[in-house]
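Take a look at the structure set out below.
The values are calculated or read from the model by the stated rules, or taken from the named source; none is laboratory data. Every value quoted in this text rests on a predicted model; they were computed, and no experiment measured them. All Cβ positions, glycine included, derive from the backbone under ideal geometry; neighbour counts span all protein chains shown.
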Ligand SMILES: Cc1ncc(COP(=O)(O)O)c(C=O)c1O
(Lines give C-alpha, C1' and ligand atoms only; values in the text may rest on other atoms or scores of the structure.)
Protein backbone atom coordinates (compact mmCIF):
# COMPACT_ATOMS: atom_id res chain seq x y z
CA UNK A 1 0.00 0.00 0.00
CA UNK A 2 1.18 3.53 -0.71
CA UNK A 3 -0.20 6.67 0.92
CA UNK A 4 -1.11 8.19 -2.43
CA UNK A 5 -1.83 5.83 -5.33
CA UNK A 6 -0.92 7.76 -8.46
CA UNK A 7 -3.23 6.61 -11.28
CA UNK A 8 -0.48 6.94 -13.93
CA UNK A 9 2.83 5.18 -14.44
CA UNK A 10 6.10 7.13 -14.52
CA UNK A 11 6.29 6.35 -18.24
CA UNK A 12 2.80 7.76 -18.86
CA UNK A 13 3.65 10.93 -16.93
CA UNK A 14 6.95 11.32 -18.80
CA UNK A 15 5.21 10.89 -22.15
CA UNK A 16 2.59 13.46 -21.15
CA UNK A 17 5.36 15.95 -20.36
CA UNK A 18 6.95 15.41 -23.76
CA UNK A 19 3.58 15.82 -25.51
CA UNK A 20 2.85 18.98 -23.52
CA UNK A 21 6.09 20.66 -24.54
CA UNK A 22 5.68 19.52 -28.16
CA UNK A 23 2.09 20.76 -28.49
CA UNK A 24 2.83 24.16 -26.97
CA UNK A 25 5.42 24.99 -29.66
CA UNK A 26 7.35 27.29 -27.32
CA UNK A 27 9.53 29.88 -29.05
CA UNK A 28 12.10 30.55 -26.33
CA UNK A 29 14.88 28.19 -25.25
CA UNK A 30 13.92 27.91 -21.57
CA UNK A 31 10.76 26.06 -20.59
CA UNK A 32 9.84 24.96 -17.07
CA UNK A 33 7.68 21.89 -16.50
CA UNK A 34 5.77 21.45 -13.24
CA UNK A 35 3.98 18.15 -12.71
CA UNK A 36 1.55 17.85 -9.80
CA UNK A 37 -0.22 14.95 -8.17
CA UNK A 38 -3.01 16.09 -5.89
CA UNK A 39 -6.04 14.93 -3.96
CA UNK A 40 -9.23 15.81 -5.79
CA UNK A 41 -12.68 16.78 -4.62
CA UNK A 42 -14.78 14.40 -2.56
CA UNK A 43 -13.51 14.20 1.00
CA UNK A 44 -13.57 17.07 3.46
CA UNK A 45 -11.92 15.39 6.44
CA UNK A 46 -8.19 15.08 7.02
CA UNK A 47 -8.05 11.32 6.31
CA UNK A 48 -7.19 11.37 2.62
CA UNK A 49 -7.35 7.77 1.41
CA UNK A 50 -10.91 8.05 0.07
CA UNK A 51 -10.16 11.18 -1.99
CA UNK A 52 -9.59 10.78 -5.75
CA UNK A 53 -5.97 11.21 -6.85
CA UNK A 54 -5.49 13.51 -9.82
CA UNK A 55 -2.48 14.67 -11.84
CA UNK A 56 -1.80 17.87 -13.75
CA UNK A 57 1.25 19.09 -15.65
CA UNK A 58 1.95 22.72 -16.48
CA UNK A 59 4.68 24.10 -18.73
CA UNK A 60 5.62 27.66 -19.48
CA UNK A 61 8.51 29.74 -20.76
CA UNK A 62 10.48 30.99 -17.80
CA UNK A 63 13.62 33.10 -17.84
CA UNK A 64 16.28 33.17 -15.12
CA UNK A 65 14.43 32.44 -11.84
CA UNK A 66 16.51 34.92 -9.85
CA UNK A 67 17.05 37.38 -12.72
CA UNK A 68 19.52 37.62 -15.61
CA UNK A 69 21.73 40.00 -13.67
CA UNK A 70 21.79 37.59 -10.74
CA UNK A 71 23.02 34.84 -13.07
CA UNK A 72 26.01 36.98 -14.06
CA UNK A 73 26.85 38.94 -10.94
CA UNK A 74 25.25 37.00 -8.11
CA UNK A 75 22.28 37.60 -5.83
CA UNK A 76 21.77 38.83 -2.27
CA UNK A 77 20.81 36.04 0.13
CA UNK A 78 19.35 36.46 3.61
CA UNK A 79 19.43 33.89 6.40
CA UNK A 80 15.84 34.26 7.52
CA UNK A 81 14.23 33.87 10.93
CA UNK A 82 12.05 31.02 9.68
CA UNK A 83 13.71 27.60 10.17
CA UNK A 84 13.07 24.61 7.99
CA UNK A 85 10.62 22.32 9.87
CA UNK A 86 12.42 19.62 11.84
CA UNK A 87 12.70 16.08 10.54
CA UNK A 88 10.31 14.96 13.24
CA UNK A 89 7.48 17.10 11.89
CA UNK A 90 7.74 17.08 8.08
CA UNK A 91 8.80 15.01 5.07
CA UNK A 92 11.49 17.44 4.05
CA UNK A 93 13.09 15.38 1.28
CA UNK A 94 9.82 15.27 -0.66
CA UNK A 95 8.73 17.92 -3.13
CA UNK A 96 5.38 18.16 -1.33
CA UNK A 97 3.30 21.27 -1.92
CA UNK A 98 2.51 21.36 1.81
CA UNK A 99 6.18 22.10 2.55
CA UNK A 100 6.04 25.29 0.52
CA UNK A 101 4.22 27.42 3.10
CA UNK A 102 7.56 27.44 4.91
CA UNK A 103 9.42 28.44 1.71
CA UNK A 104 6.86 31.09 0.91
CA UNK A 105 7.14 32.77 4.32
CA UNK A 106 10.95 32.61 4.17
CA UNK A 107 11.05 34.12 0.68
CA UNK A 108 8.66 36.89 1.70
CA UNK A 109 10.86 37.83 4.63
CA UNK A 110 13.97 37.94 2.42
CA UNK A 111 12.34 40.09 -0.28
CA UNK A 112 10.74 42.36 2.31
CA UNK A 113 14.21 43.01 3.78
CA UNK A 114 15.65 43.93 0.37
CA UNK A 115 17.25 40.59 -0.51
CA UNK A 116 16.52 38.30 -3.45
CA UNK A 117 16.38 34.87 -1.86
CA UNK A 118 16.11 33.23 1.57
CA UNK A 119 18.50 30.74 3.13
CA UNK A 120 16.92 28.57 5.79
CA UNK A 121 18.71 26.92 8.68
CA UNK A 122 17.54 23.65 10.17
CA UNK A 123 16.28 23.34 13.74
CA UNK A 124 19.88 22.72 14.90
CA UNK A 125 21.08 25.99 13.33
CA UNK A 126 22.92 24.45 10.35
CA UNK A 127 22.26 25.39 6.72
CA UNK A 128 19.36 23.45 5.21
CA UNK A 129 18.65 25.07 1.82
CA UNK A 130 17.22 28.14 0.11
CA UNK A 131 13.46 28.65 -0.29
CA UNK A 132 13.53 27.03 -3.74
CA UNK A 133 17.09 25.81 -4.32
CA UNK A 134 19.98 23.87 -2.79
CA UNK A 135 22.98 25.65 -1.25
CA UNK A 136 26.66 25.24 -2.15
CA UNK A 137 29.74 27.06 -0.86
CA UNK A 138 33.43 26.93 -1.80
CA UNK A 139 36.20 27.08 0.78
CA UNK A 140 39.90 26.58 -0.04
CA UNK A 141 39.04 24.93 -3.36
CA UNK A 142 36.60 22.43 -1.81
CA UNK A 143 32.96 22.43 -2.87
CA UNK A 144 30.65 21.92 0.13
CA UNK A 145 26.90 21.25 0.24
CA UNK A 146 24.82 20.10 3.20
CA UNK A 147 23.47 16.54 3.26
CA UNK A 148 19.76 16.09 2.47
CA UNK A 149 18.96 15.53 6.16
CA UNK A 150 16.72 18.54 6.08
CA UNK A 151 16.38 19.61 2.47
CA UNK A 152 14.78 18.52 -0.77
CA UNK A 153 16.39 15.52 -2.46
CA UNK A 154 17.40 17.82 -5.26
CA UNK A 155 18.10 16.71 -8.84
CA UNK A 156 20.29 19.70 -9.74
CA UNK A 157 22.36 19.37 -6.56
CA UNK A 158 23.07 15.75 -7.52
CA UNK A 159 23.97 16.76 -11.08
CA UNK A 160 26.32 19.53 -9.91
CA UNK A 161 28.08 17.12 -7.53
CA UNK A 162 28.50 14.61 -10.38
CA UNK A 163 29.82 17.33 -12.71
CA UNK A 164 32.22 18.72 -10.10
CA UNK A 165 33.58 15.27 -9.26
CA UNK A 166 34.16 14.60 -12.98
CA UNK A 167 35.99 17.94 -13.20
CA UNK A 168 38.37 16.85 -10.44
CA UNK A 169 36.90 19.15 -7.77
CA UNK A 170 36.84 17.81 -4.21
CA UNK A 171 33.25 17.67 -2.95
CA UNK A 172 32.11 17.40 0.68
CA UNK A 173 28.58 16.78 1.92
CA UNK A 174 28.51 17.95 5.52
CA UNK A 175 26.78 20.29 7.92
CA UNK A 176 27.57 23.99 7.41
CA UNK A 177 27.31 26.50 10.25
CA UNK A 178 26.19 30.09 9.83
CA UNK A 179 29.65 31.54 10.52
CA UNK A 180 31.22 29.31 7.84
CA UNK A 181 28.80 30.74 5.29
CA UNK A 182 29.94 34.30 6.05
CA UNK A 183 33.60 33.50 5.34
CA UNK A 184 33.04 31.31 2.26
CA UNK A 185 35.20 32.01 -0.80
CA UNK A 186 32.20 31.51 -3.10
CA UNK A 187 28.56 30.51 -2.77
CA UNK A 188 25.81 29.57 -5.22
CA UNK A 189 22.33 28.06 -5.38
CA UNK A 190 21.17 25.22 -7.58
CA UNK A 191 17.74 24.08 -8.76
CA UNK A 192 15.67 23.23 -11.80
CA UNK A 193 14.49 26.87 -11.88
CA UNK A 194 17.53 28.53 -10.24
CA UNK A 195 19.95 26.47 -12.42
CA UNK A 196 23.29 27.67 -11.00
CA UNK A 197 22.84 31.14 -9.48
CA UNK A 198 25.87 32.79 -7.87
CA UNK A 199 25.52 34.48 -4.48
CA UNK A 200 27.39 37.75 -3.91
CA UNK A 201 26.09 38.87 -0.52
CA UNK A 202 24.80 36.98 2.51
CA UNK A 203 23.36 39.04 5.39
CA UNK A 204 25.16 42.22 4.30
CA UNK A 205 28.52 40.40 4.08
CA UNK A 206 30.30 40.21 0.73
CA UNK A 207 31.14 36.65 -0.23
CA UNK A 208 34.60 36.20 -1.76
CA UNK A 209 35.16 38.77 -4.50
CA UNK A 210 31.61 40.11 -4.06
CA UNK A 211 30.59 38.79 -7.47
CA UNK A 212 30.42 35.43 -9.30
CA UNK A 213 33.38 33.30 -8.18
CA UNK A 214 35.77 31.40 -10.44
CA UNK A 215 34.58 27.89 -9.57
CA UNK A 216 30.93 29.01 -9.78
CA UNK A 217 31.54 30.34 -13.28
CA UNK A 218 33.23 27.12 -14.38
CA UNK A 219 30.39 24.97 -13.03
CA UNK A 220 27.79 27.30 -14.54
CA UNK A 221 29.29 27.10 -18.02
CA UNK A 222 29.66 23.30 -17.80
CA UNK A 223 26.04 23.04 -16.63
CA UNK A 224 24.74 25.15 -19.52
CA UNK A 225 26.82 23.14 -22.00
CA UNK A 226 25.12 20.02 -20.68
CA UNK A 227 21.53 21.30 -20.69
CA UNK A 228 21.87 22.86 -24.16
CA UNK A 229 23.28 19.62 -25.62
CA UNK A 230 26.85 20.82 -26.13
CA UNK A 231 28.48 18.14 -23.97
CA UNK A 232 28.18 14.61 -25.35
CA UNK A 233 29.31 13.00 -22.05
CA UNK A 234 26.00 13.91 -20.41
CA UNK A 235 23.74 13.21 -23.40
CA UNK A 236 21.90 10.54 -21.35
CA UNK A 237 20.28 13.32 -19.27
CA UNK A 238 18.60 14.89 -22.29
CA UNK A 239 15.27 14.21 -23.95
CA UNK A 240 14.95 15.73 -27.41
CA UNK A 241 11.46 16.96 -28.26
C1 LIG B 1 12.82 23.85 -1.53
C2 LIG B 1 13.63 23.45 -2.72
N3 LIG B 1 14.88 22.97 -2.53
C4 LIG B 1 15.66 22.59 -3.57
C5 LIG B 1 15.19 22.69 -4.88
C6 LIG B 1 16.04 22.22 -6.01
O7 LIG B 1 15.59 20.97 -6.43
P8 LIG B 1 15.77 20.49 -7.93
O9 LIG B 1 17.21 20.58 -8.24
O10 LIG B 1 15.31 19.05 -7.90
O11 LIG B 1 14.92 21.36 -8.77
C12 LIG B 1 13.90 23.15 -5.11
C13 LIG B 1 13.38 23.23 -6.48
O14 LIG B 1 12.27 23.58 -6.75
C15 LIG B 1 13.10 23.56 -4.02
O16 LIG B 1 11.88 24.04 -4.20
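Observations on the structure shown:
- The one condition from (1) part of a loop (DSSP other than H, G, I, E, B); (2) within 16 Å of residue 198 (Cα to Cα) that residue 42 does not meet is (2).
- Sole residue being without any contact (Cβ under 8 Å) to a residue 24 or more places away in the chain, part of a loop (DSSP other than H, G, I, E, B) and surrounded by fewer than 16 Cβ atoms within 10 Å (Cβ to Cβ), chosen from 114, 168: 168
- Candidates are the residues of the stretch 153-165 that are surrounded by 15 or more Cβ atoms within 10 Å (Cβ to Cβ) and modelled with pLDDT of 95 or more; the one that is nearest to the ligand (Cβ to nearest atom) is 156.
- Odd one out for residue 68 among (1) surrounded by 15 or more Cβ atoms within 10 Å (Cβ to Cβ); (2) within 30 Å of residue 231 (Cβ to Cβ); (3) more than 16 Å from the ligand (Cβ to nearest atom): (1)
- Qualifying residue in the stretch 198-207 (condition: within 15 Å of the ligand (Cβ to nearest atom) and closer than 23 Å to residue 111 by Cβ): yes
- Index of the failed condition, residue 29 passing every other in (1) touching a residue at least 60 places away in the same chain (Cβ under 8 Å); (2) under 29 Å from residue 120 (Cβ atoms); (3) loosely packed, with under 14 Cβ neighbours inside 10 Å: (2)
- Only one of 101, 77, 66, 20 that is within 24 Å of residue 134 (Cβ to Cβ) and assigned to a helix (DSSP H, G or I): 101
- Every listed requirement among (1) in contact with a strand residue (DSSP E or B) (Cβ under 6 Å, 6 or more places away or on another chain); (2) within 15 Å of the ligand (Cβ to nearest atom) is met by residue 143 save one, (2).
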